[in-house]
Amino acid sequence: MSGQKRRWLDWPESAWGQGPPKAARLSPEPGPSWRTDPCTILTDLEKLCDHSPQQLLPFLLDHDFQLEQVVESPGLSPARVYTLLRALKVAVESAGEPELVQPVLAVVLRPAFVLRSLLGFIAELESFQHQDGQISQEVMEDTVAALHHLLTACPEQTKTLLCYPVDLLFATAQRLQSRGFQFTWIIQKRLHDTKILVDSTFPQCSAPLASPAWQEDFHTIPIFPTPEEIFVDPGQKLKRNLPVGKYASDTAYLDTHFRLLREDFVRPLRSGISAHFSLQNVFGGAGKQRGLRVYRNVQLAKVGTSPVGAIYMARFQAPQGSSHTSSKRLLSGSLTCLISSDCGQVLFGTVVGGNRPELLKGAVWLDIKANHSDLLMRHLGKTNFIMVESPAFFESYRHVLEGLQELDPTLVPFQNYIVQCRTPVAPPTHFGKDVTFDLSVLRPTGRADKEPMGDTSEGHVTAVDLTAVRLGDSYIWSPETFPHLDKSQILAIRMALTREFVLIQGPPGTGKTFIGLQIVEILLRNQSQWWKDQRPFLVVCYTNHALDQFMEGILQFQPSGVVRIGGRSRSDKVAACSLRNLRQKQLPALLGAAEKHQYGWMRKALQKQKESITYRSAVLELLRRGILTDTELAAEIHDDKLECSWRAGHFDMCDWLKIYPEAQEEKPCQAQGRGRKAGEWLGKGPGADSGYARSSSCTAQAHRGIALLSSHEL
């Protein structure tokens, strides 16, 4: 917790009574003072909670009569009620057997205590404040835990008794938060879980927090998860996929699949965090973490720059019993959630680079969401976080989700079939009565091109010429023609060649990859029938491994003209046809000797300009966030020998961004120097056009370099 634990003398007294007396003696039997004031036992309970929690339950069981007197006492102060709640929480959590604590719970769960003293305590939670004006996180956490344990131990009391303090505590917490009081994320999460236990007993109750899955327009749903989603399971609010029947519209189809795909990566994170941070149910067992990767004692140590902008180094403690440098931990693009252990902040970010040497030192660079920028400076090097890595690889979802949001609903591919579910499926454009295909690739090994059919009673030809087959001839598609294929495989190939839209599915080991390669080889061998508009043949796979495996099969019958787009290929055979390698090999071949020299020079100049712009943009972002001061940035400008103008002790950032040739020869300007106005360089003032025309020839050649690179893209 916050480390600001307070004693009773520090808290203000209230109208509910005076605080507990100073009874210093811990006695196994009731002393004389107990006969006059039964509440004296509370001092002993407090000492046991602090120093001997294992003795607390036996003590309560031995002094059940005094405990009953305290519970029935009218006018208990909030401080005394809290002592009871804390003792109850510690007793339950230290009990080896759940049934051992039941007699204590039976004493506490009385209407007089719950509906009078407990409700009064919750109503005066605001009195438990530190000197900084914030409510004690310890008091709030112990109260939530005690109520949660009571609910799980005595669910039959939920509707008639326990619902009232839980509802009041939840409403009080929301009211206090609206007034500026802060509770840690963990407390909020546990309070929400406790409220869910109550709400689940009332069928018509609705969840109080809003989830992005409930928003009407899926275009407005953020790709990143939100803190609210860690609390709330969207449940029935998610739109179900339609296994039968058509969708209401193309937009409804995109909407449904966007939400389901997004939930596919959010749910493992939500479930794992919920299981990890939920209060242990000593009466029903603890939840499992479900493969969640948790890093403790995380601090945002320093700020760096990258093409995405400002990034933050997170230093952490490696999980026990696991290697945080393993290949599948903290990969570039992995989604992380940073949960503050002593304040109410939850931050989301993605791993940048995933540098293995840095992981050996217990550090990783994170791109924190932009909307957290105002909070990051406050936490830098000060706040401890628990960092949770999502079990689902976020980057594989991110681009698909962004594509669904950007897709024009009127351009959904094959919408007649996947949206409207219209049948029958039309044939492909290359299909026709007189069109013949070469299917000899399907010939069994070692057999001739022409296969005897045997049966000619119904007018069938006596041999099959597989080099010129009309796809519409049904007698071709039989086990007699292709004895090495089963009926389902023959049907799959036939449908793929005679329909414009087809789905082939089956469990592992049924030959899907084999059949897919056969279909691709047939289509490539018969390009003259369908490649009239010279459209590329596109193969998309779910994983990089599957793509490598499929491309290795393609390269066996199509060794050239194949390009692999994307990284992370682990196949040496496929790596040679990657887009990057082909670009590096083919681009120099298109240039002469002089052009090669100019190309190399322009490439270096372009890279230098790109790095300069990225660096300066990142530094200015640090200035905007308050991480760098004007004085520190002035030193950066001086070191870079860049021209700037100073106005009233501040520089014009726009002038610093623009690099022009004479700035490298002149000294940095002084106050009210000769720097051009920002508007001239940004096209806002007189001379803007001429100012841009006077930019260096290096910049102009760099622009030509961009055009040159673009013109030779594969």
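Nothing in this text is a laboratory measurement; each read-out follows from the coordinates by a stated rule. Just so it is clear, the structure is predicted and the values come from calculations on it, not from any experiment. Heads up, the Cβs are rebuilt from the backbone with ideal geometry, glycines too, and the neighbour counts pull from every protein chain shown.
Under the Karplus relation 6.51 cos²θ - 1.76 cosθ + 1.60, θ = phi - 60°, what is the ordered set of whole-Hz ³J(HN,Hα) values for segment 270-279, x standing for Gly and Pro?
4, 5, x, 5, 4, 5, 6, 9, 5, 5
Under the 0.36 nm per residue contour assumption, what length would be gained going from the current alpha-carbon distance of GLN280 and LEU360 to full extension?
25.5 nm is the gain from fully extending GLN280 to LEU360.
Explain nothing, just compute: Karplus ³J(HN,Hα) = 6.51 cos²θ - 1.76 cosθ + 1.60, θ = phi - 60°, for every residue of segment 58-69 in order, whole Hz, x for Gly and Pro.
The phi angles translate into x, 5, 5, 5, 6, 10, 5, 5, 5, 4, 5, 5 Hz.
Specify which residue in the list GLN174, ILE135, VAL198 is farthest towards the positive end of the charge dipole of segment 125-268, using unit charges on the beta carbon of Lys, Arg (+1) and Asp, Glu (-1), about the Cα centre.
Sorting the options by dipole projection puts first VAL198.
What order, most packed first, do the peptides 538-549, 301-312 have when packing is the mean number of other Cβ atoms within 10 Å of each residue? List each step's numbers first, then the result.
Working: 538-549: 12.9, 301-312: 16.0.
Those peptides, ordered most packed to least, come out 301-312, 538-549.
Could you tally the net charge around VAL107, taking each other residue with its Cβ under 12 Å from the Cβ of VAL107, Lys/Arg +1 and Asp/Glu -1?
-2
Could you tally the net charge around LEU168, taking each other residue with its Cβ under 15 Å from the Cβ of LEU168, Lys/Arg +1 and Asp/Glu -1?
Values: positive: ARG116, ARG175, LYS195; negative: GLU124, GLU126, ASP167, ASP199.
Summing Lys/Arg as +1 and Asp/Glu as -1 gives -1.
Using a Förster distance of 22 Å, how high is the FRET efficiency between PHE514 and ASP434, based on the Cβ-Cβ distance and rounded to 0.05? Mind showing how you got there, number by number?
On the way: r = 30 Å, r/R0 = 1.38.
That pair, PHE514 with ASP434, gives E of 0.15.
What is the set of long-range amide H partners of SER578 at a cut-off below 5 Å, with H atoms built 1.01 Å from backbone N?
Answer set, sorted by chain and number: ARG564.
For LEU242, what is the net charge nearby, where nearby means another residue's Cβ is under 15 Å from its Cβ and Lys, Arg count +1, Asp, Glu -1?
On the way: positive: LYS239, ARG240, LYS246, ARG259, ARG422; negative: ASP250, ASP255.
In short, +3.
For segment 491-531, rounded, prolate or oblate, judged on the Cα gyration tensor with a ≥ b ≥ c (square roots of eigenvalues), a/c < 1.5 rounded, else prolate if a/b > b/c?
Working: a/c = 3.24, a/b = 1.72, b/c = 1.88.
Because a/c hits 1.5 or more and a/b fails to exceed b/c, segment 491-531 counts as oblate.
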